[in-house]
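Notes follow once the structure below has been shown.
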Amino acid sequence: EGIAAAKARGVHFGRTAIEMPENFPEIVRDWENGTITVDEVCKKCAVSAPTFYRRLREYRLVSGKKM
């Protein structure tokens, strides 16, 4: 009952999503070309490696790019 009431009020449950920087496609391109490492990508995006790979997978699905 309490959860239903909170949802009716528009309360958001769960953790907020980490936003990727505007230049994420350029960062991915540099990583794919081998000019930067995964560690450098993680520092630029302020995320962990698993989060980067998850967002990379999402980015590729949306943009239609293959691995």
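The values are calculated or read from the model by the stated rules, or taken from the named source; none is laboratory data. Being a predicted model, the structure only gives us computed values, none of them experimental. With ideal geometry, Cβ positions are generated from the backbone for all residues, glycine too; neighbour counts draw on all protein chains shown. Ligands, DNA and RNA are excluded from the accessible area calculation, which covers all protein heavy atoms including side chains. Shrake-Rupley method; radii C 1.70, N 1.55, O 1.52, S 1.80 Å.
Would you mind putting 2-12, 53-63 in packing order, based on average other-beta-carbon counts within 10 Å, highest first?
Details: 2-12: 8.5, 53-63: 12.5.
The densest-packed peptide leads the list: 53-63, 2-12.
Would you kindly give the portion of the calculated P(r) for the chain that falls above 19 Å, as a percent of all Cα pairs?
43
For the range 9-67, with all protein chains present and a 1.4 Å probe, just round the carbon and sulfur fraction of the accessible area to a whole percent.
54
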